[in-house]
Amino acid sequence: MNPSVTAGINQVARAFPDARTIYGEDGQGGAFVIVDELDLGPAFTPRTSWVGFAISPLYPRADVYPHFVRPDLARSNGAPLIVPLNPGQMMPGFDRPATMVSRRSNRWDPSRDTAVLKLHRVLLWFREQAIPERIAA
Amino acid sequence: MSRPRFILPAREGKDGEPWQLIIRGACWRTLIEHLLPGDGDEHGAIAVAGIVRTSRGTRLLIRDVFLARDGDDFVPAKNAHRRLTPEFVNKHIRHCRDHQLAYLAIHNHGGTDTVAFSTVDLRSHVRGYPALLDIARGQPVGALVIAGNALAGDIWTPDGKRQSIGETVILERNLRRIYPRPVAAPPAASAIDDRQARIYGDAGQAILGRLKVGVIGAGGVGLPIVSTLARLGIAHIVVIDPERVDPTNLPRLPEATRRDAGLPLNTESLPDWIRRIGARLARPKVRVAARAAHRARSDITVDAVHGDISNQANAALLVDCDYLFLAADSHVARSVFNALIHQYLIPGVQIGSKVEVEPNGYIAGIYSVVRPVTPDHGCLWCNQLISPARLNDELLPDAVRDAQRYVPADDAPSPSIGTLNALGVAQATNHFMLAATGLLTHSVVAADYRRFEARAERTITTIPRRDPSCADCGLTTVSSLARGDRGQLPTVSAAPRRGDPRRKMSVARTL
């Protein structure tokens, strides 16, 4: 595994000490990672899920996306899942049924961005989905 | 200033071949302005350098220079004319130890085309360098002495050997070469090369005749580049491409035959199973390129690598090249090319052509681009010509990539035409030939990006941007600039398995 990929996984594990970080090598220097389990916020049910992603052998030059969460994820208000959520996918490497979360970083900067920062941004996106509902209420 | 006495000659080749020194143009200009301001006095500096060791020899790659302030860091000495202070040396030798870089103390002598260490210089090396080697913990230490147009070196390695610097290559707009003393005139160029040698002389032909050049991509741009380089008299070409010739390539591959493309079996009108046999019989593009090169020069060495540049082993074949051509359009190829240029201080040029067609068939643009890239100028990362998202996508197996798309991809091949490719090939190979033989004008100003708008028949020049925090060309602690063998190229440890339904994972581990 490339040293930068190893460093990226270790950062993820340190950032989420209460969750289990599971990883496997992809045979090319990259890795598949699952963090189990994390809070997605009140806009989704079930509210918690594992979050998986692949770290490319070209990390940190390559973006870390898409992410994957549990396959039975639904919106708390009953609305259908829409882009960037895409149900009916498989989490690569682990071959788990999953809902894909496609949050591409158009301004990814290899000198600053990391797998753990990206995971935080994805979780923030999930948690921010609750805000419009609260405003409406 | 007292004149140095050249009693003991600098050693050359005593413990092996002399090393080569590669220095960025920006570092060279900084050094020369400081060392040779025209006051006739002696001045000092320290350089830190990466190392690359290959079968072609060892190169020192200057990453950065630190100027010694006269009177503070560079002071009068009892046993020598001037010396660097212990504090200045200590600060930089520890930096070298911590960042695994070679340490080089630099000063100047008078003169122009010949330079050597004085007896006093060499005695000071004997007194001081064993201790510096201990502090540097495995990194070479040494000295460079510079005159106006000459450079000599005395490098001490941890195994107890001393190496000289035989040739220094300065990566300015022209690729300038200087030596400790004037080199012997080369033999006259052969009769075959007579007409082109009349442009750059026997010396220029001799330079071309000992270069190793890498070409990434052997398609409509890469293949004519290989052929042109062979005709220029390049000694050694490494060409890398994973594809075989397809019948649709034939109009853009002047050297390829119908048989190279697997015809007549590889024809759409035939049953699939016959066509598959034809496709398997088609020749790898790199073998067509090698054949073209050997037709031009029977004595040329061509390493034809039928594989992907993203593969670590393939990219490693390019680390001791003198120049690189990027004639492949993937972002992974751009990323590896850009990393090679900055990590190993190899100048290069990217060539591309594009025809933009809108969905209604309107042709929005037809252009070719030529982007010279040196470690100082033209970084593809800084100019947003490498997409982190595309890097991720391009390594995914096709099935996974397709599954991750919301809308089906438009897999129709993009328009391409040989006449447009020829523009880029001509501009890039001319740029290389003139830079390598020192004939480009405005020798200090770096080359900018050029885009030829074919329909308007005009060339647009843009000045590339530079981001000081760039991981390739910046000088941050994490940047790979001039790190040579100590850096890590953005490659994969095994060839991408594009046909696999999904990548296979090893046993899962839990942290």
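The values are calculated or read from the model by the stated rules, or taken from the named source; none is laboratory data. These figures come from a predicted structure and were not determined experimentally. Every residue, glycine as well, gets a Cβ built from its backbone with ideal geometry; the counts of neighbours run over all protein chains shown. For accessibility, only protein heavy atoms count, side chains too; no ligands or nucleic acids. Shrake-Rupley method; radii C 1.70, N 1.55, O 1.52, S 1.80 Å.
Would you please name the residue that is nearest to the other protein chains (Cβ to nearest Cβ), looking only at residues in the range B:325-341 that are surrounded by fewer than 24 Cβ atoms within 10 Å (Cβ to Cβ) and either at positive phi or not in a helix (DSSP H, G or I) (or both)?
The qualifying residue nearest to the other protein chains (Cβ to nearest Cβ) is B:Ser330.
Looking at (1) touching a His at 6+ places or on another chain (Cβ under 9 Å); (2) within 14 Å of chain A (Cβ to nearest Cβ); (3) open to solvent by 10 Å² or more (accessible area, probe 1.4 Å); (4) modelled with pLDDT under 95, which is the one condition that is false for B:Ser479?
Against the list (1) touching a His at 6+ places or on another chain (Cβ under 9 Å); (2) within 14 Å of chain A (Cβ to nearest Cβ); (3) open to solvent by 10 Å² or more (accessible area, probe 1.4 Å); (4) modelled with pLDDT under 95, B:Ser479 comes up short only on (3).
Report, ordered by the first and then the second residue, all pairs with beta carbons closer than 7 Å, sequence separation of six or more or different chains, a first member in the range B:380-400 that is facing chain A (nearest Cβ under 9 Å), and a second member that is surrounded by fewer than 20 Cβ atoms within 10 Å (Cβ to Cβ) and among the acidic types (Asp, Glu).
B:Pro397/B:Asp500
Could you figure out which of (1) buried (at least 21 other Cβ atoms within 10 Å of the Cβ); (2) in contact (Cβ under 8 Å) with a residue 24 or more places away in the chain isn't true of A:Tyr23?
With respect to (1) buried (at least 21 other Cβ atoms within 10 Å of the Cβ); (2) in contact (Cβ under 8 Å) with a residue 24 or more places away in the chain, A:Tyr23 is out only on (2).
Among the listed residues B:Ala436, B:Ala446, B:Ala454, B:Ala428, identify the single one that is touching a His at 6+ places or on another chain (Cβ under 7 Å) and touching a residue at least 12 places away in the same chain (Cβ under 8 Å).
Testing whether each residue is touching a His at 6+ places or on another chain (Cβ under 7 Å) and touching a residue at least 12 places away in the same chain (Cβ under 8 Å) leaves just B:Ala446.
Which residue pairs have Cβ atoms under 6 Å apart, sit 6 or more places apart or on different chains, and have a first residue in the range A:106-122 that is facing chain B (nearest Cβ under 9 Å) and within 14 Å of A:Leu58 (Cβ to Cβ) and a second that is open to solvent by less than 40 Å² (accessible area, probe 1.4 Å) and among the acidic types (Asp, Glu)?
A:Trp108/A:Asp63
Test B:Ile240 against the stated conditions and say whether it is part of a loop (DSSP other than H, G, I, E, B) and crowded, with 23+ Cβ neighbours inside 10 Å.
Taking the combined requirement at face value, the residue does not satisfy it.
I need the strands (runs of 3 or more DSSP E) fully contained in the range A:44-101, keeping only those with at least 2 residues that are in contact (Cβ under 8 Å) with a residue 60 or more places away in the chain and at the interface with another protein chain (Cβ under 7 Å from one of its Cβ atoms).
Qualifying strands (runs of 3 or more DSSP E): none found.
List the number of the failed condition for B:Asn430; all other conditions in (1) buried (at least 17 other Cβ atoms within 10 Å of the Cβ); (2) modelled with pLDDT of 95 or more hold.
For B:Asn430, the exception is condition (1).
Which residues, counting only those in the range A:5-43, are more than 10 Å from chain B (Cβ to nearest Cβ) and touching a Lys or Arg at 6+ places or on another chain (Cβ under 9 Å)?
If the condition is that a residue be more than 10 Å from chain B (Cβ to nearest Cβ) and touching a Lys or Arg at 6+ places or on another chain (Cβ under 9 Å), then A:Glu37, A:Asp39, A:Leu40, A:Gly41, A:Pro42, A:Ala43 are the ones that fit.
Tell me yes or no: at least one residue of the range A:49-71 is open to solvent by less than 40 Å² (accessible area, probe 1.4 Å) and over 24 Å from B:Pro397 (Cβ atoms).
Yes, the range A:49-71 has at least one match.
Collect the residues in the range B:121-172 that are open to solvent by less than 30 Å² (accessible area, probe 1.4 Å), among the charged types (D, E, K, R) and part of a strand (DSSP E or B), keeping them in residue-number order.
B:Asp154, B:Glu167
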